[in-house]
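Trainee: Before I ask anything, let me first share the structure, which is written out below as C-alpha cells.
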Amino acid sequence: MPDIQVTLPDGSVQSVAPGTSPLDIARGISPRLADAAIVAKVNGQLYDLKRPLEADATVQILTTKDPAALEVYRHSTAHLCAAAVLELFPETKLGIGPPIDTGFYYDFDRPTPFTQQDLEKIEAKMWELQAKSLPYDRQLIAKTEGLKKYEAMNEPMKVELITERADDIFSEYTLGPHFIDFCRGPHIPDTSKIKAFKLLSIAGAYWKGDEKNKQLQRIYGTVWFTKKELDDYLTRIEEAKKRDHRVLGRQLGLFHIDEKVGQGLVLWKPKGAVIRQELQNFIGEHLRRQGYHQVFTPHIGKLELYKTSGHFPYYADSQFPPLVDREEIARLVTEGKTCGDLANRLETGDIEGFLLKPMNCPHHIRIYASDQHSYRDLPIRLSEFGTVYRFEQSGELGGMTRVRGFTQDDAHLFCTEEQVPQEVAGCLELVKIIFNVLGMNEYRVRVGLRDPDSEKYVGDPEHWDRAEKACLDAAASLGVPFTAEPGEAAFYGPKIDFVVKDVIGREWQLGTVQVDYQLPRRFDLSYIGADNKPHRPVMIHRAPFGSMERFVGVLIEHFAGAFPTWLAPVQAAVLPITDKQNDYAREVLGKLKAAGVRATLDDRSEKVNLKIREAQLQKVPYMLVIGGREAEAGQVAVRHRKRADLGTVPLDDFIATITKEIADKSAD
C-alpha cells in the first residue's frame with residue numbers, strides 16, 4: 001500500500017506507512033511531545049493516540065494544555081474507577097461513567113450500598129491499577145455479537161445502551177482483566193498518564209435520570225492533570241462548604257424551606273426579606289432612571305394565554321398541572337371520562353383551565369395590547385418583580401438556587417426595530433451596574449446565536465441578522481470577555497447571558513437579555529408608525545438578577561454571609577457591657593434607627609465578649625460596645641467584623657460614617 005499523507009498543525013506534511021498511529025508521529029517529532037501527549041485530533045475529531053491511521057489525514061497532538069484533552073483524561077479515569085470497583089466487588093453491574101466539569105461520575109448497580117470505607121478501598125485500588133500502566137485497548141465488535149456477549153456477562157444496562165445507541169459495528173474498551181465497556185472513546189494510552197484524582201462522594205441516581213427506573217449508586221470523583229490543581233480544587237471545595245447558602249441561610253435566619261409547605265418553595269424570613277427588599281430598592285432606582293414603568297400581574301392565567309405564547313403544552317413537563325373548574329371535572333366523571341381524556345381536552349382546548357404562570361411575559365404582553373400605541377410612545381418598558389412557578393424534579397431541587405417558585409426581576413421592552421441596539425445596550429448597562437456595586441467584577445458574556453443549519457428558529461433571517469449584530473455590538477461594548485455561541489439562541493431570537501465568577505472561582509449564570517420577534521407575532525402586537533400604518537414591535541426580555549432566590553443564594557455564598565453594610569440585615573449591634581449602660585444603649589439604638597440604620601440591642605446580662613462573638617457569628621458589620629466611659633461621654637467603642645477594634649468615637653460621628661457607607665453602597 002502507498003504511504004498516507006499526514007498534515008500537521010504547522011502545515012507540514014509527512015508521508016507515513018498505513019497503520020502508523022498518532023503516538024508514532026508524536027515520537028517522531030520529539031520524545032517530549034510523545035510523553036506529554038494525552039489524545040490526538042484527527043480530521044478535527046478526537047482520536048486514540050494508539051489507533052492506526054488508514055488514510056490521509058490532518059493530525060494534531062493534544063497535551064495537558066488542551067481543554068479537550070482534560071475531558072478525555074477524566075473519562076479514562078472514570079473507566080479506571082469502574083475497573084477498581086469490579087476488582088473489589090465483582091457482583092456490581094455497570095451503568096454509565098461520563099466526564100463532568102471537575103472530574104467524572106460512574107453509576108453502579110450493587111445490592112449492598114457503598115460506604116465511605118468502600119470509597120477509600122476503591123481509590124486505593126485505582127492507584128494500584130494506575131501503577132501497572134494498564135493499556136486502554138480499543139476493539140471493534142458486531143452489534144449482534146456484542147449483544148450476546150454483554151447478555152452473557154449479565155450487564156443489562158450495557159445491553160440496553162447497545163440496543164439503543166450502537167452502530168452495526170461498535171467500539172469497546174478493555175482495562176485490565178475484568179473491565180470491558182461499550183464506549184465510543186477515545187481514551188488515553190494507559191493508566192500511567194493519570195496523575196491526580198480523588199473520589200469524593202456517593203449519591204443515589206436513577207438509571208437514565210428517570211425516577212421510574214431503578215435507583216443506582218453514583219460515585220463522584222475529581223480529576224486533574226497535576227496534584228497542585230487537585231489540591232487547589234479540594235481547598236475550594238472546603239471553602240465552598242463553609243459558604244454553603246443552605247447552611248448559612250439557616251444559621252443567619254435568612255430563609256426556610258418547610259416540608260409542610262413544599263419542596264422548592266422558599267419562605268423568606270425577616271432578615272432574608274431585608275436583603276431581598278434592599279436589592280429590589282437598589283434596582284428600582286435605576287429602573288426609574290431608565291424610564292421603566294412598574295406593573296403587577298396575577299400568579300395564574302388562562303390556559304389559552306400560554307397556548308398562544310407557546311409555553312403550553314410544549315413545556316408542560318416543567319409546569320404545574322393546569323387548574324380545571326370543579327364543575328367541568330364533575331361532568332367528566334359523570335361521563336366516565338379518564339384523566340387521559342381530561343389531558344387531551346385541555347391540550348385541544350375543548351376544556352378551559354388556568355395555569356400557575358411559568359413566565360411573566362404573556363401578562364406583560366396583554367398589558368401592552370390593552371392600549372393602542374404610536375411609534376412616539378415607544379419604547380415602552382414594563383417591569384415587575386413577578387413570581388413564577390416551575391415543576392422541577394425533586395432530585396434537581398437545591399436550596400435557593402433550584403426551586404419551584406421564584407421571583408424574577410423581570411422586564412419586557414416593546415420597541416421599534418431601530419431602537420433594539422440602544423435598548424439592549426441599556427439593559428447591559430443595568431447588569432454592569434449591579435455586578436460592579438456587588439463586587440462581582442469577574443464575569444464573562446455569552447451571546448447565543450442561531451445555528452444556520454437548524455430549522456427550530458422562527459422569523460425573518462434579516463431580522464435575525466440585525467438582532468444578532470445588536471447583541472454582538474452591545475457585548476463588545478462591555479469591555480469584558482465574550483463568546484459568540486451558534487446554536488444557543490432561543491427559538492425566537494438571540495440572547496445574552498452573564499456568567500459570573502465568585503470569590504472562590506465558581507461560575508454562576510446570572511442575568512439574561514433576549515431579543516424576541518416571535519411573541520409579538522403570536523399575539524399580533526402592533527403600533528402605528530409614522531406612515532399611519534400598523535407595524536410589529538420587537539420585544540426584549542431582560543432579568544439582571546435572574547431570580548431573586550437564586551441571586552440571593554449566590555450572594556450568600558459569594559459574601560460567605562458577610563454582606564456589605566448597605567445589604568446586611570443587621571448593620572450595627574449595640575452591646576452594653578453591664579446593665580448600668582442599658583439606658584444609654586437604648587438611646588444609641590433610637591438614634592441609629594432614626595438615622596435609618598438597621599440596629600439591634602443586646603441588653604442581656606451576659607459577658608460582653610459573648611455578645612461580641614454572637615454578633616460576629618451573625619456577620620453583623622459593626623458592634624458598638626458601651627461601657628461607663630462611653631455612656632458618660634456620649635460615645636461608642638466601634639468594632640468591625642473584619643477590621644476589629646476601630647476605637648472610640650462620638651456617636652454622631654459614627655452615625656455619619658455608617659450612613660455614608662450605606663448611601664454609597666460601599667464594600668467592606
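Trainee: So, in segment 283-320, how many residues would count as being within 11 Å of Gly353 (Cβ to Cβ) and free of Cβ contacts under 8 Å to residues at least 60 places away in the same chain?
Mentor: 7
Trainee: Scan segment 215-235 for residues that are among the hydroxyl-bearing types (Ser, Thr, Tyr) and within 19 Å of Gly97 (Cβ to Cβ) and jot them down.
Mentor: Tyr220, Thr222
Trainee: What's the total number of residues in segment 459-488 that are surrounded by fewer than 18 Cβ atoms within 10 Å (Cβ to Cβ), touching a Gly at 6+ places or on another chain (Cβ under 9 Å) and of a type in the set (A, V, I, L, M, F, W, C)?
Mentor: So the count comes out to 1.
Trainee: Given the options Ile540, Ile556, name the one that is over 23 Å from Asp664 (Cβ atoms), outside any loop (DSSP other than H, G, I, E, B) and open to solvent by less than 10 Å² (accessible area, probe 1.4 Å).
Mentor: None of the others qualify; the one that does is Ile540.
Trainee: Answer yes if at least one residue in segment 307-321 is acidic (Asp, Glu) and at pLDDT below 80, and no otherwise.
Mentor: Yes, some residue in segment 307-321 is acidic (Asp, Glu) and at pLDDT below 80.
Trainee: Also, quick follow-up: Can you pull out every residue in segment 489-501 that is part of a strand (DSSP E or B) and either open to solvent by 80 Å² or more (accessible area, probe 1.4 Å) or hydrophobic (A, V, I, L, M, F, W, C) (or both)?
Mentor: Ala490, Ile496, Phe498, Val499, Val500, listed by residue number.
Trainee: Is there a residue in segment 227-243 that is buried (at least 18 other Cβ atoms within 10 Å of the Cβ) and outside any helix (DSSP H, G or I)?
Mentor: no
Trainee: Please work out if Pro111 is more than 18 Å from Thr222 (Cβ to Cβ) and open to solvent by 20 Å² or more (accessible area, probe 1.4 Å).
Mentor: Spelling it out, Pro111 is indeed more than 18 Å from Thr222 (Cβ to Cβ) and open to solvent by 20 Å² or more (accessible area, probe 1.4 Å).
Trainee: Return the pair list, or none, for Cβ contacts closer than 6 Å from residues in segment 529-546 that are under 16 Å from Ala369 (Cα atoms) to residues that are crowded, with 20+ Cβ neighbours inside 10 Å and of a type in the set (Asp, Glu), at least 6 apart or on different chains.
Mentor: Close Cβ pairs satisfying both conditions: Met539/Asp516; Ile540/Glu423.
Trainee: Of the numbered conditions (1) touching a strand residue (DSSP E or B) at 6+ places or on another chain (Cβ under 7 Å); (2) in a helix (DSSP H, G or I), Phe414 satisfies every one except a single condition; which is it?
Mentor: (2)
Quick grid of which residues meet (1) open to solvent by less than 50 Å² (accessible area, probe 1.4 Å); (2) free of Cβ contacts under 8 Å to residues at least 24 places away in the same chain; (3) not β-branched (Val, Ile, Thr):
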{"site": "Tyr173", "(1), (2), (3)": "yes, no, yes"}
{"site": "Gly176", "(1), (2), (3)": "yes, no, yes"}
{"site": "Phe182", "(1), (2), (3)": "yes, no, yes"}
{"site": "Thr191", "(1), (2), (3)": "yes, no, no"}
{"site": "Ala196", "(1), (2), (3)": "yes, no, yes"}
{"site": "Ala205", "(1), (2), (3)": "yes, no, yes"}
{"site": "Glu211", "(1), (2), (3)": "no, no, yes"}
{"site": "Gln215", "(1), (2), (3)": "no, yes, yes"}
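Trainee: Applying the selection to segment 70-95, what residues are part of a helix (DSSP H, G or I) and either farther than 21 Å from Leu129 by Cβ or of a type outside the set (A, V, I, L, M, F, W, C) (or both)?
Mentor: Selection gives Glu71, Tyr73, Arg74, His75, Ser76, Thr77, His79, Glu87.
Trainee: Of everything in segment 132-168, what is outside any helix (DSSP H, G or I) and touching a residue at least 40 places away in the same chain (Cβ under 8 Å)? Give them in sequence order.
Mentor: Narrowing segment 132-168 to residues outside any helix (DSSP H, G or I): 132-142, 153-155, 166-168.
Within segment 132-168, Lys132, Ser133, Leu134, Pro135, Tyr136, Arg138, Asn154, Glu155 meet the criteria.
Trainee: For Asp645, indicate whether it is modelled with pLDDT of 95 or more, of a type in the set (Asp, Glu) and not in a loop (DSSP other than H, G, I, E, B).
Mentor: Considered against the rule, which asks whether it is modelled with pLDDT of 95 or more, of a type in the set (Asp, Glu) and not in a loop (DSSP other than H, G, I, E, B), Asp645 comes out as no.
Trainee: Right, here's the next one. Pull out all pairs, ordered by first then second residue, where Cβ-Cβ is under 8 Å, the residues are six or more apart or on different chains, the first lies in segment 429-440 and is on the phi < 0 side of the Ramachandran plot, and the second is modelled with pLDDT under 90 and acidic (Asp, Glu).
Mentor: Pairs that qualify, where the first residue is on the phi < 0 side of the Ramachandran plot and the partner is modelled with pLDDT under 90 and acidic (Asp, Glu), are Met440/Asp502.
Trainee: Return the only residue of Glu396, Glu417 being open to solvent by 40 Å² or more (accessible area, probe 1.4 Å), free of Cβ contacts under 8 Å to residues at least 40 places away in the same chain and farther than 24 Å from Phe282 by Cα. Before you say what the answer is, go through the steps one by one.
Mentor: Details: Glu417 fails: free of Cβ contacts under 8 Å to residues at least 40 places away in the same chain.
Residue meeting the stated conditions: Glu396.
Trainee: Restricting segment 352-405 to residues that are out of contact with any strand residue (DSSP E or B) (no Cβ under 7 Å at 6 or more places or on another chain), of a type in the set (A, V, I, L, M, F, W, C) and farther than 16 Å from Pro537 by Cα, which is modelled with the lowest pLDDT?
Mentor: Filtering segment 352-405 for residues that are out of contact with any strand residue (DSSP E or B) (no Cβ under 7 Å at 6 or more places or on another chain), of a type in the set (A, V, I, L, M, F, W, C) and farther than 16 Å from Pro537 by Cα, the one modelled with the lowest pLDDT comes out as Leu397.
This table checks each residue for (1) over 30 Å from Ile496 (Cα atoms); (2) touching a Leu at 6+ places or on another chain (Cβ under 9 Å); (3) among the aromatic types (Phe, Trp, Tyr).
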site	(1), (2), (3)
Glu549	no, no, no
Tyr584	yes, no, yes
Val588	yes, yes, no
Lys611	yes, yes, no
Lys619	yes, yes, no
Gly634	yes, yes, no
Leu646	yes, no, no
Pro650	yes, no, no
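Trainee: Hey, could you check segment 90-130 for residues that are of a type in the set (Phe, Trp, Tyr) and in contact (Cβ under 8 Å) with a residue 24 or more places away in the chain and say which is nearest to His187 (Cα to Cα)?
Mentor: Looking only at segment 90-130, we keep the residues that are of a type in the set (Phe, Trp, Tyr), and these are 104-106, 108, 114, 127.
So of that shortlist, the ones also in contact (Cβ under 8 Å) with a residue 24 or more places away in the chain come out as 104-106, 108, 114.
Values: Phe104: 14, Tyr105: 16, Tyr106: 16, Phe108: 21, Phe114: 27 Å.
Among residues in segment 90-130 that are of a type in the set (Phe, Trp, Tyr) and in contact (Cβ under 8 Å) with a residue 24 or more places away in the chain, the one nearest to His187 (Cα to Cα) is Phe104.
Trainee: Another question, if that's okay. Between a first residue in segment 6-33 that is in a helix (DSSP H, G or I) and a second residue that is open to solvent by 50 Å² or more (accessible area, probe 1.4 Å), which pairs have beta carbons less than 6 Å apart while being 6 or more apart in sequence or on different chains?
Mentor: Cβ pairs passing all conditions: Leu23/Lys50.
Trainee: From Ile612, Ile655, which residue is open to solvent by less than 60 Å² (accessible area, probe 1.4 Å), touching a helix residue (DSSP H, G or I) at 6+ places or on another chain (Cβ under 9 Å), touching a residue at least 12 places away in the same chain (Cβ under 8 Å) and not hydroxyl-bearing (Ser, Thr, Tyr)?
Mentor: Going through Ile612, Ile655 in turn, just one is open to solvent by less than 60 Å² (accessible area, probe 1.4 Å), touching a helix residue (DSSP H, G or I) at 6+ places or on another chain (Cβ under 9 Å), touching a residue at least 12 places away in the same chain (Cβ under 8 Å) and not hydroxyl-bearing (Ser, Thr, Tyr): Ile655.
Trainee: Kindly indicate whether Leu438 is at pLDDT 90 or above, open to solvent by less than 10 Å² (accessible area, probe 1.4 Å) and closer than 30 Å to Asp258 by Cβ. Show your work before the answer.
Mentor: Numbers: at pLDDT 90 or above: yes; open to solvent by less than 10 Å² (accessible area, probe 1.4 Å): yes; closer than 30 Å to Asp258 by Cβ: yes.
Yes.
The values are calculated or read from the model by the stated rules, or taken from the named source; none is laboratory data. The structure displayed is predicted, hence computed values, not measured ones. Virtual Cβ from ideal backbone geometry, glycine too; neighbours counted across all protein chains shown. Ligands, DNA and RNA are stripped out before the accessible areas are found, and what is left, the full protein with its side chains, is counted by its heavy atoms. Shrake-Rupley method; radii C 1.70, N 1.55, O 1.52, S 1.80 Å.
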